[in-house]
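Below you'll find the structure, written out as structure tokens, and then a few comments.
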Amino acid sequence: AIDLGTTKIAGYLVDLGTGQTLASAGSMNPQIAYGEDVIARITYAMKGSTEATRLSRLAVTTLNELAQSLCAQSGHAADEISEVVIVGNTAMHHLLLGLPAGQLGVAPYLPAVSSSLDVKARDLGLGFATGGYVHLLPNIAGFVGADHVAMLLATGIYEAEKTVIGIDIGTNTEI
């Protein structure tokens, strides 16, 4: 399970048979060198395909390194990872996948893709199990991404009978 954050990337290696978390690790998102916030990164990606590809490759390289770290902690190998869920804000999602992101920087901030996606890990350049899948949760809007959807699902906040608040105190601080 990966949270591809604007500033930090967090990962958890989970045994799908038992539900036990085997390892956890995090790292800084190296894309920060091209902008500390999503608007700066969107602007950088809009310069051209070379820049957009650079941002995607930085994320993929870091995800592969994170997987190696998680596996080293738990005595497993990255090619044993068969299912991966990646969440993040809409911009991080689009930059990872190499989707157009320019429209996220101007009103009405529409994502190129808002539905959930299942893609082969190898198609993203991830060194996981042959035939392994990456599952990306849906983006709700331009600045309400899959990370928010994951919080809603994980906490069950959507079933609350009283007024509650969910706060993501990250780089973009969604409420």
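Under a crude label model (7 Å from the Cα following the beta-carbon direction), how far is I167 from V60 in nanometres?
Between I167 and V60, the simple spin-label model gives 3.8 nm.
Run the reach check for K8 against aspartates and glutamates, Cα to Cα strictly under 16 Å, same-chain hits fewer than 8 apart removed. What comes back?
E36, D37, E65, D147, D168, E174
Just tell me which aspartates and glutamates come within less than 17 Å, Cα to Cα, of K120; anything on the same chain fewer than 8 places away is out.
Qualifying aspartates and glutamates at Cα under 17 Å: D79, E80, E83.
Rounded to the nearest 0.05, what FRET efficiency do Q73 and R122 give with R0 = 25 Å and r taken as the Cβ-Cβ distance? Could you check?
Between Q73 and R122 the formula returns 0.60.
Would you mind checking which residues have amide H under 5 Å from V144's amide H? H placed 1.01 Å from N; only 5 or more apart, or other chain.
Correct list: T90.
Tell me, what HN-Hα J-couplings in whole Hz come from the Karplus equation 6.51 cos²θ - 1.76 cosθ + 1.60 at θ = phi - 60° for each residue of the stretch 10-18, using x for Gly and Pro?
Couplings: 10, x, 9, 9, 10, 6, 5, x, 10 Hz.
Any idea how far the Cα center of the stretch 42-119 sits from the one of the stretch 149-166, in Å?
25 Å
List the longest stretch of the chain that has no exposed loop site; here a site is one of the trypsin sites (Lys or Arg not before Pro) assigned by DSSP to anything other than H, G, I, E or B, with at most 16 other Cβ within 10 Å.
48-161
Summarise the accessible area of the chain (1.4 Å probe, protein heavy atoms) by the percent that is carbon and sulfur.
Carbon and sulfur together cover 55 percent of it.
Which whole-Hz couplings ³J(HN,Hα) result when phi for each residue of the stretch 148-160 is put into the Karplus expression 6.51 cos²θ - 1.76 cosθ + 1.60, θ = phi - 60°, listed in order with x for Gly and Pro?
5, 4, 4, 4, 4, 5, 5, 8, x, 4, 5, 9, 4
Enter the accessible area per residue of the stretch 61-114 (Å², integer; probe 1.4 Å; all protein chains in place).
I get 43 Å² per residue for this part.
The values are calculated or read from the model by the stated rules, or taken from the named source; none is laboratory data. Everything quoted here is computed from the prediction, not taken from an experiment. We place every Cβ from the backbone using ideal geometry, glycine too, and count neighbours over all the protein chains shown. SASA here: full protein model, heavy atoms, side chains in, ligands and nucleic acids out. Shrake-Rupley method; radii C 1.70, N 1.55, O 1.52, S 1.80 Å.
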